[in-house]
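The values are calculated or read from the model by the stated rules, or taken from the named source; none is laboratory data. Keep in mind that this is a model prediction, so the values were computed, not measured. Counting neighbours? That spans all protein chains shown, and the Cβs are built from the backbone with ideal geometry, glycine included.
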Amino acid sequence: MTITPRAGAVALALGATLGAGVFAGFAPAAALAGPWFLPGLVLAAVAALCSAFSTADQHRAYPDAPGGYAYIRNQLGPWPARIGASAHLVGRAGMAAALAGVFGAYVVPEHRVLAAVGLIAVTAALGAAGVRWSVGLSVAAVVVVLAVLVLVALVCFSVAPPENPPVVGEEPGFDGLMGAALLMFAAFVGFERVTAPRAGDPVFPARVLHFAVPVVVGVVLLVTTAVGAGVLRQLGAARLALSPAPLRDALVVADGRWLLPVLAVGAAVAAVSSLFFVLASARRTLVGMTETGDLPAIRAAWPLEVVGAALAVGAVVVLPPSTALAVGACGTAFYYGFTNASARVLLQEDRTWPMRTACLGLGVSVLLAMSAPASALVITGAGLAVGTGLLALGRVRTRRGAGVR
């Protein structure tokens, strides 16, 4: 079967996107905003769309640059790049932990942490061995995951829900809605698989991306809204906020227990497919930093896959799943704030999207990041401070070693 460039771009992006957000994001989002977490999906989609436009234009301007770290460095300078790289690595660690947590919660719930750590180790080892997630694998993964998610939504809407307890307390307010929107932003992250491809990955022209990017964001918005509404219908906001595996619990309530093995397969495929991209993305940022001297010794002493996997395993062991997802979304939103800022100053001839999209993406990304739950915001801020300091120290050591004064 011949896959057209447009279909290939959509499949690659969806294979890297459908993961932690749709399988694990509804519970912590409902804890923040109750039943009002669904409107937050729209704002998250806007932020993702603008950020995808920005990364696509920057890749077009710097086709050989190793990802967002290099884009920020080229446009804004070394210090913003170090902060952006730190945010990206913190976000990747949180997202990898959340994805591995999805695998543990849905596939091996009795040994969630052990299964999550094992998945990260195996995925990192395969990445280090040169295994790539091809277009064909992405198409197969997307078909499986979409089929499972559509099935979950149909079951949730075809069976009358039980009488769920009402939500007690005040309305979530602006902070709750924005916090839920940040968590739902995790459902859209993965578009860089096609907007800023790695060396050796398919490179799509602007006319293909003008089609693929809105389609990907639209499909994710539609599917996530349908599944989220169905899960909310069956569990109610109060029960949903406490669920460690919302889709599984919704199926159980809707008399769909016989579908749990199918759901486990879908969750496993989604976790593995997205995790490949997340760890590869972290490695790409580390490569960029070693090329500029911000990480002078790590590449020689340790394989970069080990560094990315170690950060993810640390997040799995130390952080609860909901906090890991919030940290991943917060760090990623900060990172896209920097990438949108650097895209904003691109020359006109390097643009295929209006500058207004980068301006809007900058504002929304920062607003979402600052709306993270307090614990996630503190952890992310500490990660940015430590990471930026270490990168600056590494640069000083490189200069001294080279005899530069």
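Considering Arg82, Arg132, the condition of being among the basic types (Lys, Arg), assigned to a helix (DSSP H, G or I) and modelled with pLDDT under 95 is satisfied by Arg82 alone.
With respect to (1) among the β-branched types (Val, Ile, Thr); (2) surrounded by 18 or more Cβ atoms within 10 Å (Cβ to Cβ); (3) in a loop (DSSP other than H, G, I, E, B), the lone exception for Val117 is condition (3). Considered as a group, the residues in segment 87-111 that are free of Cβ contacts under 8 Å to residues at least 60 places away in the same chain and under 18 Å from Ala270 (Cβ atoms) include one that is surrounded by the most Cβ atoms within 10 Å (Cβ to Cβ), and that residue is Gly104.
Looking at segment 185-192, can you tell me whether even one residue there is crowded, with 18+ Cβ neighbours inside 10 Å and without any contact (Cβ under 8 Å) to a residue 40 or more places away in the chain? Quick ask: steps written out before the conclusion?
Restricting attention to segment 185-192, the residues satisfying the condition of being crowded, with 18+ Cβ neighbours inside 10 Å are 185-192.
Imposing the further condition that a residue be without any contact (Cβ under 8 Å) to a residue 40 or more places away in the chain reduces the set to none.
Among the residues of segment 185-192, not one is crowded, with 18+ Cβ neighbours inside 10 Å and without any contact (Cβ under 8 Å) to a residue 40 or more places away in the chain, which makes the answer no.
Residue check: Tyr69 meets all listed conditions (1) free of Cβ contacts under 8 Å to residues at least 60 places away in the same chain; (2) aromatic (Phe, Trp, Tyr); (3) crowded, with 20+ Cβ neighbours inside 10 Å but one, namely (1). The residue that is modelled with the highest pLDDT, among those in segment 120-129 that are crowded, with 24+ Cβ neighbours inside 10 Å and of a type outside the set (Gly, Ala, Ser), is Ile120.
Out of all the residues in segment 284-294, is one or more in a loop (DSSP other than H, G, I, E, B), over 15 Å from Phe26 (Cα atoms) and in contact with a Ser or Thr (Cβ under 9 Å, 6 or more places away or on another chain)? Within segment 284-294, one or more residues are in a loop (DSSP other than H, G, I, E, B), over 15 Å from Phe26 (Cα atoms) and in contact with a Ser or Thr (Cβ under 9 Å, 6 or more places away or on another chain).
Each residue in segment 190-244 was checked for being in contact with a Phe, Trp or Tyr (Cβ under 7 Å, 6 or more places away or on another chain) and part of a loop (DSSP other than H, G, I, E, B), and 1 pass.
Of the residues examined, Gly84 is not one that is over 13 Å from the mean Cα position of the chain (by Cα) and under 16 Å from Ala280 (Cα atoms).
In segment 77-109, how many are in contact with a Phe, Trp or Tyr (Cβ under 7 Å, 6 or more places away or on another chain), of a type in the set (Gly, Ala, Ser) and within 13 Å of Gly308 (Cα to Cα)? So the count comes out to 2.
Being surrounded by fewer than 24 Cβ atoms within 10 Å (Cβ to Cβ), more than 23 Å from the chain's Cα centre (by Cα) and more than 23 Å from Gly101 (Cβ to Cβ) narrows it down to one residue among Arg344, Arg351; which is it? First the steps, then the outcome.
Numbers: Arg344 fails: more than 23 Å from the chain's Cα centre (by Cα).
Just one listed residue meets the conditions, Arg351.
Please verify whether segment 227-234 includes one or more residues that are surrounded by fewer than 23 Cβ atoms within 10 Å (Cβ to Cβ), of a type in the set (Gly, Ala, Ser) and out of contact with any Asp or Glu (no Cβ under 9 Å at 6 or more places or on another chain). Yes, the conditions are met somewhere in segment 227-234.
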